[in-house]
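This report concerns only the one structure given below.
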Amino acid sequence: APVFAAVTIDIDPAKPGAVINKNVYGQFAEHLGTGVYEGMWVGPKSNIPNTRGWRNDVVGALKELHVPLVRWPGGCFADVYHWRDGIGPQDKRPSNVHTNADGVVEIDAINAVGTHEFFDLIDMLGADAYVNGNVGTGSVQEMSDWVEYMTSDGGSPLARLRAQNGREKPFKVAYFGIGNELWGCGGNMKPEYYANLYSNYEHFLWAPEKSRPKMIASGGSGFDTTWTDVLSKELKDRTIGISVHQYTVPTGNWDIKGKTLGFKEGEWISTLANTLKMDQLVKDHVAVLDKNDPEKKIGLMIDEWGTWYDEEKDAKSALFQQNSLRDALVAALNFHIFHEHAERVPMTTIAQMVNVLQAMILTDKEKMVLTPTYYAFQMYVPFQDATSLPLAIKDNTSYTLGALTIPGVSASAARAKDGKLYLALVNTDPSNAVDVAVNVAGTELQGAAGKVLTAATMDAHNTFQNPQAIKPAAFSARAAGDKLSIKVPAKAVMVVALEE
Ligand code: AHR
């Protein structure tokens, strides 16, 4: 007998929305903690199998995510980084001690990962590069030289220096960020002051026309739209995007953020409720862009997002945090929001790729684990460059605890490049499964097949001792009569291809 579902999802493929830029699935790799050194780079002489210093296990796992874009070298680190320290023979590079405004001390004892090494990683991943320049402690000349060093194809002295260092051809710098968090660690500035500085810096970032990076202005944080407003008024035609940073803190209180593991249900729902605020945040910033940039030339680049928990006392390195099923739901709920705003959100980079904050991968010396967030990114690969399809959720359940209520089901649909129609579903309720009836206008669906990620506990996670505790399982459903009903388990992320 057909199952009568509580929730109905109607998809109309005849009314496609915007293309979901693959760069929405971008990553951020900062020189912070073990995010680069150990996490990805071990050096060519390491016993850990590597290719020119980059860990084979980590690079191999990242390839599975089809990482489209990597932002590097920071973050706050970008505004204390001097690129000349990271070129030339590795044994001649200086050591640095960087303290950034967040109080994080970075000892880059070897500067082994510099421009050439970064682009080696980028080439191995087949990703685009988003290089972030130094406004805070750098100069116009230094930044201009870096861009020339990377992009010049002529016989300029910096192009010759690059060739001497082993790279004849220019690097492809797809995007270049001018500073980071200028309101804070990047220099405590006012937006008007930064807007002037940006224009000055950008003016001198010469590059051959065909290889000129797309320039990104560093914007504000959270719901404050002042930076978006000032920069979108002042920098028209000088930027293709303004960044915004928004982290998910379980309690909403940066002093006591909340635990990584062993949290109660109250922090499950507050984390998800806080992450869902991303939707309003995007709407607020987009409303400002629509006012100042009606031609829609400027994108909202959410180039730092993800969960930020209290650091464990025995954390192995700065901002290292475990990652549980809850993080996978956070990732998926954000993906759905980004898809919905695909027209104005062409890029996001999650903080961060390895061993820092909401990471894809955690490492401990030679060991590596894939996190639930990794699996969320993997399951959503078909959404990269897919065409979003609007959907209507009818009779949605709600999930309530105490004073908080959030939608039970979150969904997103798209026509992927492989021609298939994909549907992603999240059930936020940690205790109850939900039946979802799916209708596609003009089509009699035959079934659905894909993957589901769930576990018995809210904080299910993988450890170095038990790296397979949580991973996606195969899922399929058949239509009964003319109805397709999908049972989404409690606390789950699911991505299925619909059989039309
Ligand atoms: O992602 C960690 C830090 O958070 C970044 O360096 C900075 O930009 C932000 O404050």
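The values are calculated or read from the model by the stated rules, or taken from the named source; none is laboratory data. Owing to the predicted nature of the structure, the values given are computational and were not obtained by experimental measurement. For neighbour counting, all protein chains shown are included, and Cβ atoms are generated from backbone atoms with ideal geometry for every residue, glycine included.
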Worksheet item: of a type outside the set (A, V, I, L, M, F, W, C), within 16 Å of the ligand (Cβ to nearest atom) and either at pLDDT 95 or above or in a strand (DSSP E or B) (or both): does that describe T363?
Response: no
Practice prompt. Would you be able to say whether some residue in the stretch 51-68 is touching a residue at least 12 places away in the same chain (Cβ under 8 Å) and closer than 16 Å to S243 by Cα?
Written response: no
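Mind listing just one residue for me: the one in the stretch 54-101 that is surrounded by 20 or more Cβ atoms within 10 Å (Cβ to Cβ) and small (G, A, S) and, of those, nearest to the ligand (Cβ to nearest atom)?
Taking the candidates together, the pick is G75.
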Worksheet item: Among strands (runs of 3 or more DSSP E) lying entirely in the stretch 412-500, which contain 1 or more residues that are outside the structural domain of F377 (by TED's automatic domain parsing) and more than 21 Å from Y380 (Cβ to Cβ)?
Response: 434-440, 473-478, 484-488
Practice prompt. Considering only the stretch 263-310, state which residues are under 26 Å from A18 (Cβ atoms) and touching an Asp or Glu at 6+ places or on another chain (Cβ under 6 Å).
Written response: V288
Worksheet entry | E311, sole failed condition from (1) within 16 Å of the ligand (Cβ to nearest atom); (2) surrounded by 23 or more Cβ atoms within 10 Å (Cβ to Cβ); (3) in a loop (DSSP other than H, G, I, E, B) | (2)
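Just to be sure I understand, how many residues within the stretch 169-179 are over 26 Å from the mean Cα position of the chain (by Cα) and either within 16 Å of the ligand (Cβ to nearest atom) or surrounded by 19 or more Cβ atoms within 10 Å (Cβ to Cβ) (or both)? Talk me through it step by step, then tell me what you get.
Residues of the stretch 169-179 that are over 26 Å from the mean Cα position of the chain (by Cα), as a first pass: 169-170.
Restricting the remaining residues to those that are either within 16 Å of the ligand (Cβ to nearest atom) or surrounded by 19 or more Cβ atoms within 10 Å (Cβ to Cβ) (or both) gives 170.
The qualifying residues number 1.
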Discussion item. Which count do you get for residues in the stretch 255-282 that are more than 19 Å from T428 (Cβ to Cβ) and without any contact (Cβ under 8 Å) to a residue 24 or more places away in the chain?
Written reply: 1
Practice prompt. Looking for whichever is over 19 Å from G136 (Cβ atoms), touching a Ser or Thr at 6+ places or on another chain (Cβ under 6 Å) and either among the small types (G, A, S) or at pLDDT below 95 (or both) here; the options are S211, S232, S218, S243. Which one fits?
Written response: S211
Fill in: Where N111 falls short, out of the listed (1) under 26 Å from F320 (Cα atoms); (2) at pLDDT 95 or above; (3) more than 16 Å from the ligand (Cβ to nearest atom); (4) crowded, with 21+ Cβ neighbours inside 10 Å
(2)
Discussion item. Take L357 and tell me if it is part of a strand (DSSP E or B) and at pLDDT 95 or above.
Written reply: no
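So that you can scan it fast, the table gives a plain yes or no per residue for (1) surrounded by fewer than 17 Cβ atoms within 10 Å (Cβ to Cβ); (2) farther than 23 Å from K394 by Cα; (3) modelled with pLDDT of 95 or more; (4) within 20 Å of the chain's Cα centre (by Cα):
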site	(1), (2), (3), (4)
A1	yes, no, no, no
I20	no, yes, yes, yes
Q27	no, yes, yes, yes
L32	no, yes, no, yes
M40	no, yes, yes, yes
N50	no, yes, yes, no
Worksheet item: Consider W305 against the criteria (1) touching a strand residue (DSSP E or B) at 6+ places or on another chain (Cβ under 7 Å); (2) over 27 Å from G266 (Cβ atoms); (3) within 16 Å of the ligand (Cβ to nearest atom): it satisfies all of them except one. Which criterion is unmet?
Response: (2)
Discussion item. Report every pair of residues separated by at least 6 positions or lying on different chains whose Cβ atoms are under 9 Å apart, first residue within the stretch 164-176 and within 24 Å of I216 (Cβ to Cβ), second β-branched (V, I, T) and in a loop (DSSP other than H, G, I, E, B).
Written reply: Y175/I240
Practice prompt. Select from the stretch 27-53 the residues that are within 16 Å of the ligand (Cβ to nearest atom) and out of contact with any Ser or Thr (no Cβ under 7 Å at 6 or more places or on another chain) and list them in ascending order.
Written response: A29, E30, H31, L32, G35, V36, Y37, M40
Discussion item. Just to be sure I understand the filter: pairs with C-beta atoms under 6 Å, separated by 6 or more residues or on different chains, first member in the stretch 374-386 and on the phi > 0 side of the Ramachandran plot, second member part of a helix (DSSP H, G or I). Which pairs pass?
Written reply: D385/K22
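Take the stretch 288-308 and flag every residue that is more than 18 Å from A217 (Cβ to Cβ) and either in contact (Cβ under 8 Å) with a residue 12 or more places away in the chain or surrounded by 24 or more Cβ atoms within 10 Å (Cβ to Cβ) (or both).
Result: G306, T307, W308.
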Worksheet item: Across the stretch 180-213, what is the number of residues that are surrounded by 16 or more Cβ atoms within 10 Å (Cβ to Cβ) and not small (G, A, S)?
Response: 14
Fill in: Top-ranked residue in the stretch 339-359 [being more than 12 Å from G33 (Cβ to Cβ) and touching a Ser or Thr at 6+ places or on another chain (Cβ under 6 Å); ranked as nearest to the ligand (Cβ to nearest atom)]
Q358
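Looking at D435, D459, which is the one that is farther than 13 Å from V493 by Cα, surrounded by 15 or more Cβ atoms within 10 Å (Cβ to Cβ), under 24 Å from the mean Cα position of the chain (by Cα) and of a type in the set (D, E)?
After ruling out the rest, the residue left standing is D459.
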